[in-house]
Amino acid sequence: MAHFTKATSLHDWLNQRLAVDTLRRVLATEYWIPKNINFLWAMGMVLAITFALLLVSGIFLLMYYQPNVDLAFDSVNYTIMQEVGYGWLWRHVHGVAASVVFLIIYIHMFTGIYYGSYKKGREMIWISGMLLFVAFSAEAFSGYMLPWGQMSYWAGMVITNLFAGGSLHADGLVEWIRGDYVPAQAFLNRFFMLHVLLIPLAIIGLIGLHFGALRIPHVNNQDGEEIDFEAEAAKYKAGDKRSSKVIAFVNDFMSKDMMVVGIYLIFFFYLVFFHYDFAMDPVNFDPANGLKTPTHIYPEWYFLWSYEILRPFSTNVGLIAFAFAQVIFFLLPFLDRSPNAVPASRRGLFKYWFWAMLIDMIILTAMGKVPPVEPFGTIGFYAALTFIGLWIALPFITMFEKKA
């Protein structure tokens, strides 16, 4: 049994039982961050703050939301928006955060790609981050069902139909997911449970995994410099903070993080109070009607790029291309054969690959929003082919990359 002494304070009592000093040292005061990083490294903290806003606003909305196909629409659009004090504010916060969180995720992802933060030794950082992306996507989709508006219903119909597998005709699987032949009460119950319980728990667990994966290989830096963290940390602890190449996560780096978070919150609440409508589809302000199909069905903006990869092809080919798009980012650490963990600007052909991928995904997003009429259909088709071609080319253009 461990040896316990008479505690001299509440802190000492807790420290003997929970090792709070050790936890603080491992996770905060002796968790070392390179000095040569920029504001883009604060996106992780911005994501954590946004997730907290989603949790808090979601709890307030949950107090008045009715997960019933006859009551859900009115509980959101009348009870919460018009009858509950400041209900409109919590809905605006939740809606804007659900949309902006994906903007921050994409910035975070492409920052990692640009600076090679997925390279050898950091594979689990990238994979856990991509698992978080999938979890946030599932959370966003399940939440989009809950207002039970017209676009909610038909987006649920279209997305669940994908599980039929085209020519496989796995209609039984689709019915099992829905709990019925069409989206109805069982469908709403299941997605409500996923949205408020299971997926948030998965996200919290994955955030812990993602943060833990950073602990051993440490955070990458914007110069791709190999840092001896033990030697540099020794300088820092000895008082030579000026020449040390690292700083402590708390309070040094955290203070910089909070400055970026403060600027972000100004932008965030500007959207909440003045431009919240961008996060709320006008079609979804009509109650769900299974007998009236919307003229143009499309997902939220953050899913448009993958939707456009599905849309230009025949059913079977489109499903294969869609599955390819969902999986391929996970394989990035293994497809990039270069030994260099430096910024893309110093990586020859990879520099052009990075910007081509970014521009192509923006084009796919824009084309996914518009109806598939010419010339948009042709542009979307070639953008989808370009996306697939870029990923196929990646191993070949990085295989012969010279050591930077």
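The values are calculated or read from the model by the stated rules, or taken from the named source; none is laboratory data. From a predicted model like this one, the values you see are computed outputs, not experimental measurements. When we count neighbours, we look across all protein chains shown, and the Cβ atoms used for this are built from the backbone with ideal geometry, even at glycine. Note: accessible area is taken over every heavy atom of the protein model, side chains too, but ligands, DNA and RNA are not part of it. Shrake-Rupley method; radii C 1.70, N 1.55, O 1.52, S 1.80 Å.
Applying the criterion of being in contact with a Gly (Cβ under 9 Å, 6 or more places away or on another chain) and hydroxyl-bearing (Ser, Thr, Tyr) to the residues of region 281-318, the residue that is most open to solvent (accessible area, probe 1.4 Å) is THR315. For region 371-390, residues that are part of a loop (DSSP other than H, G, I, E, B) and under 24 Å from the mean Cα position of the chain (by Cα) total 0. Is there a residue in region 147-157 that is within 27 Å of PHE273 (Cβ to Cβ), modelled with pLDDT of 90 or more and touching a strand residue (DSSP E or B) at 6+ places or on another chain (Cβ under 6 Å)? Looking for residues that are within 27 Å of PHE273 (Cβ to Cβ), modelled with pLDDT of 90 or more and touching a strand residue (DSSP E or B) at 6+ places or on another chain (Cβ under 6 Å), one finds none in region 147-157, hence no. For the subset of region 248-266 comprising residues that are more than 19 Å from the chain's Cα centre (by Cα) and more than 30 Å from ALA234 (Cβ to Cβ), which member is surrounded by the most Cβ atoms within 10 Å (Cβ to Cβ)? It comes out as ILE263. If I ask for residues that are part of a helix (DSSP H, G or I), over 20 Å from ASN289 (Cβ atoms) and open to solvent by less than 40 Å² (accessible area, probe 1.4 Å), which ones from region 54-78 would you list? Matches in region 54-78: LEU54, SER57, GLY58, LEU61. Going residue by residue through region 329-342, is there one that turns out to be charged (D, E, K, R), in contact (Cβ under 8 Å) with a residue 24 or more places away in the chain, open to solvent by 70 Å² or more (accessible area, probe 1.4 Å) and farther than 25 Å from LYS120 by Cβ? Scanning region 329-342, I find no residue that is charged (D, E, K, R), in contact (Cβ under 8 Å) with a residue 24 or more places away in the chain, open to solvent by 70 Å² or more (accessible area, probe 1.4 Å) and farther than 25 Å from LYS120 by Cβ, so the answer is no. Scanning region 1-30 for residues that are assigned to a helix (DSSP H, G or I), farther than 27 Å from PHE253 by Cα and open to solvent by 90 Å² or more (accessible area, probe 1.4 Å) yields LEU10, TRP13, ARG17.
Is region 245-252 home to any residue that is out of contact with any Ser or Thr (no Cβ under 6 Å at 6 or more places or on another chain), of a type in the set (Asp, Glu) and more than 23 Å from ILE37 (Cβ to Cβ)? No; the residues of region 245-252 include none that is out of contact with any Ser or Thr (no Cβ under 6 Å at 6 or more places or on another chain), of a type in the set (Asp, Glu) and more than 23 Å from ILE37 (Cβ to Cβ).
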